[in-house]
Protein chains: 2
Amino acid sequence: MEKVKNKVNKLVNRGLDRHMRLAVTGLSRAGKTAFITSLINQLLHSGTNPRLPLFTPAREGQLLGARRVPQGQLHIPSFDYDQGIHALRSSPPSWPVPTRDVSEIRLELRYRPESGPLRLLKDTATLYLDIVDYPGEWLLDLPLLSMSFVEWSAKQRSVLNGRRRELAEQWLTEISELDMLAEADERQIKHLSGLYTEYLHKCKDEAGLHWVQPGRFVLPGEYAGAPVLEFFPIVSDKLSESALSSAPPNSLFSLMKKRYDYYCEHVVKDFYKEHFSQVDRQIVLVDTLQPLNAGPDSFNDMRQALEQLMQSFRYGKSGLLRRLFSPRIDRILFAATKADHVTPDQHPNLVSLLQQLIHEAWQTAAFEGIDMECVSLSSIQATEPGNVDHKGETLPALRGTLESGEAMLMYPGEVPARLPGESFWQSQGFEFRQFRPMPGPSDEPLPHIRIDKALQYLLGDKLK
Amino acid sequence: MEKVKNKVNKLVNRGLDRHMRLAVTGLSRAGKTAFITSLINQLLHSGTNPRLPLFTPAREGQLLGARRVPQGQLHIPSFDYDQGIHALRSSPPSWPVPTRDVSEIRLELRYRPESGPLRLLKDTATLYLDIVDYPGEWLLDLPLLSMSFVEWSAKQRSVLNGRRRELAEQWLTEISELDMLAEADERQIKHLSGLYTEYLHKCKDEAGLHWVQPGRFVLPGEYAGAPVLEFFPIVSDKLSESALSSAPPNSLFSLMKKRYDYYCEHVVKDFYKEHFSQVDRQIVLVDTLQPLNAGPDSFNDMRQALEQLMQSFRYGKSGLLRRLFSPRIDRILFAATKADHVTPDQHPNLVSLLQQLIHEAWQTAAFEGIDMECVSLSSIQATEPGNVDHKGETLPALRGTLESGEAMLMYPGEVPARLPGESFWQSQGFEFRQFRPMPGPSDEPLPHIRIDKALQYLLGDKLK
């Protein structure tokens, strides 16, 4: 009888165990790896973590603790938490090595249900939390699904101005005389696609621009060296639509079009099917400080990239996404990272700036059934707030160690509370420096700013 | 009317164009990349190539020429022919960088059919040749499909003697006290699997051993860092079968077993389904010289690895392979590579040794409907034959440049014509050195030994 009771209990427990898939994304260098490392670290310490006052289940003692358990999808690379902690706890401390592909990790959270059916049945309950990390660049590819190769080419042509045109110069020169209707030559395509990919890399690395398409070209993962990542847009406007539609099947144009279609069908759709559609909640990390530092081109580009990225969460009843993949995300948190790199008095501005960046796109679109919130945070605090005396005035400042090893007390400047205009860029009042993580004892949770607020929004209601 | 005729012609042509998928494999360092580079090079020059006397379609002038065309499977990395040629034609010349995963390339061969239905219909015909390159190590995993995790563990236990035991020492020490029935700990598994993987790497790199399982552990490709490559065999024989069969689901044993099953089901089967079952003809490259140099352990290990590898071609009517994947390979060529690293008088011995290595496994098995042949060849000739005078006697010798840059005239020794016994190993009469490729003009086909013989066996009948 006791045995039967145990069995029933087990079945009931299993039935009531909950799963949640939290996806973390952001454009390169937004701080995904640091965020996930800290999030896991806070949760692993959650039983006794005094640093989570804004995370109700931890503050109220409902959350009993967390531990790492084997992940569900065995073919997906594991998020390397140990490597991250090792880097942060080394001497001198360093930032974790960024991930470049999808990775995941699973935590088991034990909690005491405060009410509801779980409370009646047992004392403790379990939430399995899958944390999935993927590059934000992959989301920039969604619009491709509703564009033909010719339409996509026209879109790319329209942005080849100013700095982008400079960076694309070599590629543009070499394709200027190209006959798209001539027979395709493998070597030529490889060479020209290489130049196009170089241009995309330069956009990111030299100009701090984020909006690059196709997104996989800069983060190829398993497709490195495969023809599906070897094509480029047609930027000549000399070709008529009828000439293109009757292009011979072995022409350069037809080959490019075929690869573009294959890219959409396999690379883009596969990501949405296999990863995106499984996600319950999403956090999007945004580094607003670097673009503020880099100038108006970089800032406006990030804004455009964010708008594109948000299309992935815009699944109105009849939207393409809904039809194709039935996504189920019900909450998104947008987080301005690296808040510790500005003085605390600037944090409200950071949030307000992020809201401005997001809200316009948000309000004009059909984000049905998705709840959204903005926060500013620091995944792993690298500076301490302080003060400096300047001409008899006491000003807020930051104290930290630069990545070069130099100790520094500085005032980085004011974050604009609204989208910055001409005057902000002309005065260039902002100086953003990279600090290294602070050293700390390895048995204590990592210092952070408002990770607990993020946890509350993303997990709080699931631990009741 | 002319138009209709053209259309009909096109349809007929398309219907008669032929495809052939040729797979090239071999254990690491067997010379796959050099072989494929040379094969492509010879075919690209085939219209006027005077170096292919043994390849009938080239000698008789039926083969009009070849060119590279876009490959069929867009998500598979392309074989980088240009990089290979660039390395070989650099000054000083160097060997192409080896591939580490699957890659492919497609050639279009135009030929003049000499007879048969093609001859009646048109003057020229086309054969599309897909050349696919995959690591031979992947074939070593086939036997896993018919073994349970416990059976596979027992097999691994049985080989942990001598040198292997030494190389595995750290891993063996750390698992000696391991309780396989205790609850699994992610970090511990990652650490111990890492040690096991290190042992496999050491087998290959330090001891020149080839038989390592699971094969993907040493060449992970897209699975790098994924849990499916994080398990290891149970080598303790203390656990009874009944204890194991009732192991709790969250125990170390159950987790390992789950990963092993996942590995078989997804990694191993996927390779056979997606790649192997599409192959029409196969060439297996074997470097017999390095193991002859390294000693009896290395040689016997290679022999064992070859026997395992040959199981993939053993698809009798009721075999596992036939049932699972319906392979269609009808010809296999086994090629002893690096023939230019011994004097020409030793080439017959090289073939005879390879036949001995292969034939035993061949004759005891059911290789129904597959034709097999052995050859010795040099993909890219790195030495020239010469003579030395030694005590009044004229001896055959090799002239070449060692990888260190030193010019060398040497006699490497005799290759045993039969599987070498005690006396061979005791006299150690063989000295194998690595030569660098010879420089040559870039507009001429690469020098080789008997690539044309290989082409004749693999392609000759398809170009009639």
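Taking the stated definitions as given, is A:Pro437 assigned to a loop (DSSP other than H, G, I, E, B), at pLDDT 85 or above and either open to solvent by less than 10 Å² (accessible area, probe 1.4 Å) or touching a strand residue (DSSP E or B) at 6+ places or on another chain (Cβ under 7 Å) (or both)? Criteria met by A:Pro437.
For the range B:159-176, does any single residue satisfy the condition of being β-branched (Val, Ile, Thr), more than 14 Å from every other protein chain (Cβ to nearest Cβ) and open to solvent by 60 Å² or more (accessible area, probe 1.4 Å)? Within the range B:159-176, one or more residues are β-branched (Val, Ile, Thr), more than 14 Å from every other protein chain (Cβ to nearest Cβ) and open to solvent by 60 Å² or more (accessible area, probe 1.4 Å).
In the range B:308-317, is there at least one residue being over 15 Å from B:Trp362 (Cα atoms) and of a type in the set (Ser, Thr, Tyr)? The answer is no; no qualifying residue exists.
Quick check: anything in the range A:34-57 open to solvent by 20 Å² or more (accessible area, probe 1.4 Å), within 14 Å of chain B (Cβ to nearest Cβ), touching a helix residue (DSSP H, G or I) at 6+ places or on another chain (Cβ under 8 Å) and basic (Lys, Arg)?
Step one: of the range A:34-57, the residues open to solvent by 20 Å² or more (accessible area, probe 1.4 Å) are A:44-45, A:47-48, A:50-51, A:53-54, A:56.
Next cut, within 14 Å of chain B (Cβ to nearest Cβ) only: A:44.
Now narrow it down to the ones that are touching a helix residue (DSSP H, G or I) at 6+ places or on another chain (Cβ under 8 Å): none.
No: the range A:34-57 contains no residue that is open to solvent by 20 Å² or more (accessible area, probe 1.4 Å), within 14 Å of chain B (Cβ to nearest Cβ), touching a helix residue (DSSP H, G or I) at 6+ places or on another chain (Cβ under 8 Å) and basic (Lys, Arg).
Being buried (at least 19 other Cβ atoms within 10 Å of the Cβ) and touching a Leu at 6+ places or on another chain (Cβ under 8 Å): is that true of A:Leu209 here? Judged against the criteria, A:Leu209 is not a match. Of the residues B:Ile358, B:Ile329, which single one is in a helix (DSSP H, G or I), in the same structural domain as B:Arg29 (by TED's automatic domain parsing) and in contact with a helix residue (DSSP H, G or I) (Cβ under 8 Å, 6 or more places away or on another chain)? Residue meeting the stated conditions: B:Ile358.
Could we say that B:Arg59 is of a type in the set (D, E, K, R) and either at pLDDT 95 or above or under 21 Å from B:Ala336 (Cβ atoms) (or both) here? Against the criterion (of a type in the set (D, E, K, R) and either at pLDDT 95 or above or under 21 Å from B:Ala336 (Cβ atoms) (or both)), B:Arg59 does not qualify. Across the range B:205-217, not a single residue is classified as over 30 Å from B:Arg418 (Cα atoms), over 21 Å from the mean Cα position of the chain (by Cα) and not assigned by TED's automatic domain parsing to the domain that holds B:Lys338.
Applying the condition of being surrounded by 20 or more Cβ atoms within 10 Å (Cβ to Cβ) and under 27 Å from the mean Cα position of the chain (by Cα) to the range A:246-263 and asking which residue is farthest from the other protein chains (Cβ to nearest Cβ) yields A:Tyr260.
Can you name every residue in the range A:440-464 that is within 28 Å of A:Gln83 (Cα to Cα), part of a helix (DSSP H, G or I) and among the aliphatic types (A, V, I, L, M)? Those that are within 28 Å of A:Gln83 (Cα to Cα), part of a helix (DSSP H, G or I) and among the aliphatic types (A, V, I, L, M): A:Ile451, A:Ala454, A:Leu455, A:Leu458, A:Leu459. Go through the residues of the range A:64-71 one by one and say whether even a single one is open to solvent by less than 10 Å² (accessible area, probe 1.4 Å) and at pLDDT 90 or above. Yes.
If I filter the range A:320-369 down to residues being of a type in the set (Gly, Ala, Ser) and under 30 Å from A:Leu409 (Cβ atoms), which single residue comes out as surrounded by the most Cβ atoms within 10 Å (Cβ to Cβ)? Residue satisfying both the conditions and the ranking: A:Ala335.
Condition first: within 30 Å of B:Lys273 (Cα to Cα), at pLDDT 95 or above, touching an Asp or Glu at 6+ places or on another chain (Cβ under 7 Å) and open to solvent by less than 20 Å² (accessible area, probe 1.4 Å). Can you find one or more residues in the range B:105-125 that meet it? For the range B:105-125, residues within 30 Å of B:Lys273 (Cα to Cα), at pLDDT 95 or above, touching an Asp or Glu at 6+ places or on another chain (Cβ under 7 Å) and open to solvent by less than 20 Å² (accessible area, probe 1.4 Å): absent. Which one is surrounded by the fewest Cβ atoms within 10 Å (Cβ to Cβ) among residues in the range B:177-196 that are more than 14 Å from every other protein chain (Cβ to nearest Cβ) and without any contact (Cβ under 8 Å) to a residue 60 or more places away in the chain? Among residues in the range B:177-196 that are more than 14 Å from every other protein chain (Cβ to nearest Cβ) and without any contact (Cβ under 8 Å) to a residue 60 or more places away in the chain, the one surrounded by the fewest Cβ atoms within 10 Å (Cβ to Cβ) is B:Glu177.
For the range A:381-396, the criterion of being of a type outside the set (Phe, Trp, Tyr) and touching a residue at least 60 places away in the same chain (Cβ under 8 Å) is met by at least one residue.
Do the conditions hold for B:Leu306, that is, is it open to solvent by 10 Å² or more (accessible area, probe 1.4 Å) and either out of contact with any Ser or Thr (no Cβ under 7 Å at 6 or more places or on another chain) or among the hydrophobic types (A, V, I, L, M, F, W, C) (or both)? Talk me through it step by step, then tell me what you get.
Values: open to solvent by 10 Å² or more (accessible area, probe 1.4 Å): no; either out of contact with any Ser or Thr (no Cβ under 7 Å at 6 or more places or on another chain) or among the hydrophobic types (A, V, I, L, M, F, W, C) (or both): yes.
Here the answer is no, as B:Leu306 does not meet what is asked.
Of the residues making up the range A:146-161, those that are assigned to a helix (DSSP H, G or I) and at pLDDT 90 or above are A:Phe149, A:Val150, A:Glu151, A:Trp152, A:Ser153, A:Ala154, A:Lys155, A:Gln156, A:Arg157, A:Ser158, A:Val159.
In the range B:269-315, counting only helices (runs of 4 or more DSSP H) that sit wholly within it, the ones holding 1 or more residues that are within 25 Å of B:Gly162 (Cα to Cα) and under 16 Å from the mean Cα position of the chain (by Cα) span B:289-294, B:296-310. The set of residues in the range B:72-100 that are at pLDDT 90 or above and basic (Lys, Arg) contains only B:Arg89. A:Gly225 - would you say it is within 13 Å of chain B (Cβ to nearest Cβ) and part of a loop (DSSP other than H, G, I, E, B)? Against the criterion (within 13 Å of chain B (Cβ to nearest Cβ) and part of a loop (DSSP other than H, G, I, E, B)), A:Gly225 qualifies. Residues in the range B:440-464 that are farther than 19 Å from B:Ile36 by Cα and either under 21 Å from the mean Cα position of the chain (by Cα) or open to solvent by less than 20 Å² (accessible area, probe 1.4 Å) (or both): B:Leu463 only.
Conditions tested, residue by residue: (1) of a type in the set (S, T, N, Q); (2) within 18 Å of B:Leu350 (Cα to Cα); (3) in contact with a strand residue (DSSP E or B) (Cβ under 6 Å, 6 or more places away or on another chain).
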site	(1), (2), (3)
B:Val415	no, yes, no
B:Pro420	no, yes, no
B:Phe432	no, yes, no
B:Ser442	yes, no, no
B:Asp452	no, yes, no
B:Gly460	no, no, no
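Note on the range A:152-175: residues that are of a type in the set (Ser, Thr, Tyr) and in contact (Cβ under 8 Å) with a residue 40 or more places away in the chain total 1. Of all residues being part of a loop (DSSP other than H, G, I, E, B) and open to solvent by less than 40 Å² (accessible area, probe 1.4 Å) in the range A:228-245, which is farthest from A:Val150 (Cα to Cα)? Just the residue, please. By that ranking, first place goes to A:Glu230.
Annotation note: Cβ proximity below 6 Å between a residue of the range B:70-90 that is within 7 Å of chain A (Cβ to nearest Cβ) and in contact (Cβ under 8 Å) with a residue 24 or more places away in the chain and a residue that is in a helix (DSSP H, G or I) and among the aliphatic types (A, V, I, L, M) (sequence gap 6+ or interchain) occurs for B:Pro70/A:Leu255.
The values are calculated or read from the model by the stated rules, or taken from the named source; none is laboratory data. These numbers come from a predicted model, not from an experiment. Methodologically, a virtual Cβ is constructed for each residue, glycine included, from the backbone with ideal geometry; neighbour enumeration extends over all protein chains shown. Please note that ligands, DNA and RNA were not included when accessible areas were found on the heavy atoms of the full protein model with its side chains. Shrake-Rupley method; radii C 1.70, N 1.55, O 1.52, S 1.80 Å.
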